[in-house]
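The values are calculated or read from the model by the stated rules, or taken from the named source; none is laboratory data. On a predicted model such as this, the values are computed, not experimentally measured, just so you know. As a convention, Cβ positions derive from the backbone with ideal geometry for all residues, glycine included, and neighbour counts pool all protein chains shown.
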Amino acid sequence: MKKIFILLGFMVMTAGNLFAVKQLDLKSITSGDFAAEYVSGIIPIKGSGDYAKISQDGRQIQRYSFKTGKQIAVLFDVSQAIGDKIDNFDGYIPSPDGKYLLIRTNTNYIYRRSYTADFYIYEVSTKKLIKLSAEGREQIPVWSPDSKHIAYVYQNNIFVSDLTSASKIQVTNDGKFNDIINGLPDWVNEEEFGYNKALVFNADGTRICWLKFDESQVKQYSLQMYKGSMPEIEEFRIYPGLYSYKYPKAGEDNSKVSAWSYDLKSKTSIPLNVPMDADGYMPRIKATNDAKKIVIYTFNRHQDDLRLYAVNPFTGISKLLIQEQVPKYVKEEAMEGIEIHGNHILLPSDRSGYMHLYLYDINGKLIRQVEKGNYDVTAVYGYDSKSGDVFYQAAKLNPHDRQIYVAHANGKVDRLSEREGENSAIFSGDFKYFINIWSDYNTPFVFTSRTRQGKVIDILEDNSTLKTKISEYGWVKKEPFTFTTSEGVRLDGWMVKPANFDAKKKYPVILFQYSGPGSQQVMNSWNSGSMGQGGAFDMYLAQRGYIIVCVDGRGTGGRGADFEKCTYLKLGELESRDQVETALYMQTFPYVDANRIGIWGWSFGGFNTLMSMSEGRGVFKAGVAVAPPTDWRFYDTVYTERYMRTPKENPTGYDTNPIQQADKLHGALLICHGTADDNVHPQNTFEYEEALVEADKDFKEVLYTNRNHSIRGGNSRNHLLRQISQFFEDNLR
């Protein structure tokens, strides 16, 4: 009876709005009906003012001019190819000379960034299409600088295809699943150092250099697999099977990494002698313009000492170029942002307390600090060796804004984007033009082509159709706000109110957060909000009478090293306090029902949901944790030890976790997890639920068969969002 009256009240409350706007439904959200149009597959053509892109229908690769924004030519058309036939394609890789394209089809993802696919070599002038290899299912094909060879990985071994002779060479023979990997990172390096390729040619194409991962001593984790559906695994119809792979958990053994070089002429290999700690990492291998020099990065296990070595692929001798040591840890984004341009190296570093850029020559001599100030550089776009200009993105206006800048060799800095919000860029190969991608909290992406000085040439995509659509569905604006916690910490957030908001009424509140180190959910961007598509799920909940709030607590990015790294060695402690403080702040508003506040999050956001609900101040009536880590001992070495060191070094920090605080859980709880989550293992949920049982705490659980960390496939995402929204409906109404 109570639910009937609540429903009737909700209908009356929204009656004035029901006929004015269309109502959102989960099926349309999870089907991508509110996804923005994107100018996809853009690849700047080397040394020119043109770029290649995939056509809107996905059947062509087209060449466009940055200067005019107009199409110049069709580089590839599925229907016009001669020789082998394909029905569609997923991506492409141009050859350095522009005469060929590697066409990718039948992509099958393994983990977040790794995949196998069938690749085809397409000659632009003749339109001839042939398979890269008879076997197919290749990985990470790499062009030689002269466009005459393609190196690739097949079943953990490296092969080279010679386009001139149509022959194939097998470079390695020791590759074996769960044992030796050549040219590819292992699971933990791929996931936490953000790459899928560890294979390069030297500058003259005579040598192939790669990293080898020996994971034979890494402990194995097994995921139980079932028949399921979408996809269906018929062999597990009666008896479940196992997917077993190497996953190093915090404090355990990592792969042993080594670097190698292969001479295409003599067909011999030599090891590259790169100094490294026995338990260290090699997170990158990169080519330079010098045939006698490739660059290999190393990290110590604590990840506070990053080194770049110049290595001679002919002799194996290495020389230290740059050593980067900062307090606590070197950010993964800083390592990933390093760029090698001709005779220069561009290095992001937060050594000053904020992320800034430092320009070195190729021998490791510091030339200058590119720019400076109390703000973070957030992306690196490149260095123009002709002018000395450096192009980058920075949070210079405020932590929630992103603008495009150029720093000139004389120290002068110019801003190339004009609208506040999030601006990102894709520069032409000659740095004379760029494509600017802009959005803000309430406006979908706008793509514009621009001159080097930032002058708009043409609008490539403005998502006008989507703007009309969200207006029809009564999309409400995100309202930014700032408050100070009881500990004197200033926190920033945004709020979404129901379209028919009445300040005289009392509303339930749902906090959405991620809270992980360096992350930002409070960004003046269309990407802000839960589940993408401009926060469509937040709008769905707002239409149902909830106020949605998001606050970035301590440990998140955009505010310098001190704010971001203050959670070092104690993940979850300060982050959960700040979400509780957010709930307490919301209780001060007369239109908020202090007894109906919920919280939810995914992955680290799930972890912090559980920590916040167990913090001690019982402010949350309900919460949903999706795929949550529950004890950092269960998570991988690279990520966990970057922020926590090892369990042996930091037992107190590791003991601050949801399992240890299960008896303090306050509020109704729903936990959702994929049974085939290779990232945050279901072990986390199972062990936490056992602790809840022993603490005599009630909870609800939803498991998704054979689903990984993203919980996608079939109807699973639609079902998941319905469970979340219905759980809040049952507990916050």
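Results, tabulated for the structure shown:
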{"quantity": "Any pair with Cβ under 6 angstrom, 6 or more apart, that starts in the range 96-119 at a residue that is in a loop (DSSP other than H, G, I, E, B) and ends at one that is aromatic (F, W, Y)", "calculated": "P96/W143"}
{"quantity": "Test result for E234, modelled with pLDDT of 95 or more, loosely packed, with under 12 Cβ neighbours inside 10 Å and among the acidic types (D, E)", "calculated": "yes"}
{"quantity": "Residue count, the range 45-63 (criterion: exposed (fewer than 15 other Cβ atoms within 10 Å of the Cβ) and closer than 21 Å to K99 by Cβ)", "calculated": "2"}
{"quantity": "K412 being free of Cβ contacts under 8 Å to residues at least 24 places away in the same chain, in contact with a His (Cβ under 7 Å, 6 or more places away or on another chain) and either exposed (fewer than 15 other Cβ atoms within 10 Å of the Cβ) or under 22 Å from S352 (Cβ atoms) (or both)", "calculated": "no"}
{"quantity": "Filter result for the condition that a residue is aliphatic (A, V, I, L, M) and either part of a loop (DSSP other than H, G, I, E, B) or closer than 30 Å to N706 by Cα (or both), over A73, A36", "calculated": "A36"}
{"quantity": "Helices (runs of 4 or more DSSP H) enclosed by the range 638-733 - at least 2 residues per element that are farther than 19 Å from K570 by Cβ, out of contact with any Gly (no Cβ under 7 Å at 6 or more places or on another chain) and in contact (Cβ under 8 Å) with a residue 24 or more places away in the chain", "calculated": "683-694, 716-732"}
{"quantity": "Strands (runs of 3 or more DSSP E) contained in the range 418-495 and holding at least 1 residues within 18 Å of P44 (Cβ to Cβ)", "calculated": "422-427, 433-440, 443-451, 456-461"}
{"quantity": "Residue in the range 202-211 that is in contact (Cβ under 8 Å) with a residue 12 or more places away in the chain, among the small types (G, A, S) and surrounded by 20 or more Cβ atoms within 10 Å (Cβ to Cβ) present", "calculated": "no"}
{"quantity": "The range 477-528, residues that are hydrophobic (A, V, I, L, M, F, W, C) and surrounded by fewer than 16 Cβ atoms within 10 Å (Cβ to Cβ)", "calculated": "F481, F501, A503"}
{"quantity": "Qualifying residue in the range 164-183 (condition: without any contact (Cβ under 8 Å) to a residue 24 or more places away in the chain and in contact with a His (Cβ under 8 Å, 6 or more places away or on another chain))", "calculated": "no"}
{"quantity": "Yes/no for Y568 being surrounded by fewer than 24 Cβ atoms within 10 Å (Cβ to Cβ), touching a residue at least 60 places away in the same chain (Cβ under 8 Å), under 20 Å from D304 (Cα atoms) and of a type in the set (F, W, Y)", "calculated": "yes"}
{"quantity": "Filter result (in contact (Cβ under 8 Å) with a residue 40 or more places away in the chain, among the hydrophobic types (A, V, I, L, M, F, W, C) and touching a Gly at 6+ places or on another chain (Cβ under 8 Å)) within the range 470-482", "calculated": "I470, W475"}
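Here is a yes/no grid of residues against (1) farther than 22 Å from T288 by Cα; (2) touching a Phe, Trp or Tyr at 6+ places or on another chain (Cβ under 7 Å):
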position: I150; (1), (2): no, yes
position: N157; (1), (2): yes, no
position: L163; (1), (2): yes, no
position: S167; (1), (2): yes, no
position: W187; (1), (2): yes, yes
position: L211; (1), (2): no, no
